[in-house]
Structures are given as C-alpha cells and as structure tokens.
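The values are calculated or read from the model by the stated rules, or taken from the named source; none is laboratory data. Keep in mind that what you see is a predicted model, and the values were worked out from it rather than measured. For neighbour counting, all protein chains shown are included, and Cβ atoms are generated from backbone atoms with ideal geometry for every residue, glycine included.
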Amino acid sequence: MDVPFGKPPVERADAARNREALLCTAREMIAELGTEKVTMDGLAERACLGKGTVFRRFGTRAGIFRALLDAEERCFQNEVLTGAPPLGPGADPIDRLIAYGRERTVFLLARHDIARAAIERKGAVPAGGPVFTQPHIRMLIGQAGLGLSDLDTLAFQLTSALEGPPLLFLAMDPADAEQRAESCQGDLPTLLADGWQALIERLARR
C-alpha cells in the first residue's frame with residue numbers, strides 16, 4: 001500500500017478557475033520570459049484578472065512559484081501512486097526505489113529555477129518533498145525484506161541522499177550553479193540519478 005499525500009483544500013468553482021488560469025498563465029510566462037520576468041502585476045494583466053485577485057491568491061511573488069511547485073508535486077506524487085511500474089505500483093520494491101530516485105532527481109533539477117524563485121527573500125531554502133519521499137522510501141525498503149534494522153533511520157538517510165544534492169544546488173549562488181551544470185556538460189541529473197541507483201543496488205547487494 002502506497003503513502004497517501006492528502007487532498008487539496010476544497011475551493012469555490014470560481015476560485016478554482018481563477019487559480020488554474022493564473023497557474024497556466026504563469027507557466028506560459030516562465031516558458032517565454034524566464035522566472036525573473038514574472039511579476040504580480042504582469043501576471044494579473046496577462047491573465048485578465050484584477051491585481052487584488054493575484055495578491056489574495058498568492059500573497060507574494062514567491063507564492064506564485066510555491067503554488068506552481070505544489071501543483072507539479074501533486075502530479076508527480078500521483079504518478080508514483082497510480083502510474084505505470086516501475087515508478088508506480090506493481091514492480092519489485094528495489095526497482096521501484098531506483099525508479100523513484102531517478103525520476104525524483106530529474107523532477108527536482110528541472111524545476112530548479114522555479115524552486116529558487118519560490119524562496120522568500122528572508123526565508124530559508126525549502127527542504128523539497130521529504131513529507132512524501134521519506135515514508136515512500138520507508139515503505140519500499142520494508143517491502144524489499146533486506147533484513148536491515150532501524151528502517152526509519154535508514155529511510156531518513158536515504159531521503160537526505162536523494163533530496164540533498166538538488167537542495168545544495170538550489171542553495172548555491174546562481175553563477176556557481178550554472179558553472180557546476182556546465183562542468184557536468186549539462187548532464188547533472190543523469191550523474192545524480194546514476195549515483196542514486198548505485199547506492200540502492202549496493203544496499204540491496206545486487
């Protein structure tokens with residue numbers, strides 16, 4: 001049985017439509033202009049909604065990007081819970097664990113700019129999605145029957161190994177992060193995903 005991630009709060013129909021319209025518009029603006037050019041005023045104007053509606057919905061500019069991340073996080077989690085194996089149910093637990101780490105790495109790094117924009121100026125760097133990741137990993141290593149003790153601590157350590165590198169990348173100065181990505185010839189997601197797979201295969205003694 002997989003770990004549920006809960007249901008989003010119920011919204012009025014008009015509020016839900018406005019929210020989806022704003023998120024769709026924000027995605028279009030990011031694709032065309034990049035995250036730096038997305039502003040509260042610009043989003044309201046392009047979505048043909050009042051500026052007050054945008055502020056009530058998101059609170060701050062960073063809130064726009066947090067809402068985007070939340071929506072995409074729910075889609076990712078839904079794929080884990082109901083999608084095709086090996087990411088979804090039906091595969092060997094170790095194969096699912098490897099698939100989860102590989103997909104999660106790509107997911108986090110592909111949204112690096114949005115995650116950076118989601119940080120409030122005086123806020124801390126967000127810790128990613130361990131609320132879902134840690135119990136999911138705990139469930140899979142339990143199902144694998146590896147004969148290991150203290151699976152809770154192991155799940156915590158594996159979550160750190162998986163969510164930590166993208167988080168450190170996020171916390172870097174943007175220029176340093178870009179230089180690091182270039183030094184990996186643009187293949188940083190593959191390098192991190194391969195490292196995750198090697199770690200899990202060593203743990204499972206494959």
With (1) assigned to a helix (DSSP H, G or I); (2) surrounded by 13 or more Cβ atoms within 10 Å (Cβ to Cβ); (3) without any contact (Cβ under 8 Å) to a residue 60 or more places away in the chain as the list, and Glu32 as the residue in question, which single condition is left unmet? (2)
Enumerate the pairs (first residue in the stretch 152-165 and in contact (Cβ under 8 Å) with a residue 12 or more places away in the chain; second residue anywhere and small (Gly, Ala, Ser) and assigned to a helix (DSSP H, G or I)) with beta-carbon separation below 7 Å, excluding pairs fewer than 6 apart on the same chain, so at least 6 apart or on different chains. Leu162/Gly101
Please work out if Thr53 is hydroxyl-bearing (Ser, Thr, Tyr), in contact with a helix residue (DSSP H, G or I) (Cβ under 8 Å, 6 or more places away or on another chain) and at pLDDT below 90. yes
How many residues, within the stretch 44-70, are more than 18 Å from Ala115 (Cβ to Cβ) and not in a loop (DSSP other than H, G, I, E, B)? 11
Exception for Arg121 within (1) charged (D, E, K, R); (2) more than 16 Å from the chain's Cα centre (by Cα); (3) closer than 24 Å to Thr25 by Cβ; (4) at pLDDT 90 or above falls at (4)
In the stretch 172-206, residues that are small (Gly, Ala, Ser), modelled with pLDDT of 60 or more and on the phi > 0 side of the Ramachandran plot total 0
Do the conditions hold for Gln143, that is, is it at pLDDT 95 or above, closer than 21 Å to Glu103 by Cα and under 20 Å from the mean Cα position of the chain (by Cα)? no
The correct count of residues that are surrounded by fewer than 20 Cβ atoms within 10 Å (Cβ to Cβ), within 13 Å of the chain's Cα centre (by Cα) and under 25 Å from Arg205 (Cβ atoms) in the stretch 68-118 is 1
Residues (assigned to a helix (DSSP H, G or I), surrounded by 12 or more Cβ atoms within 10 Å (Cβ to Cβ), modelled with pLDDT under 90 and of a type outside the set (Gly, Ala, Ser)) located in the stretch 7-29: Asn18, Arg19, Glu20
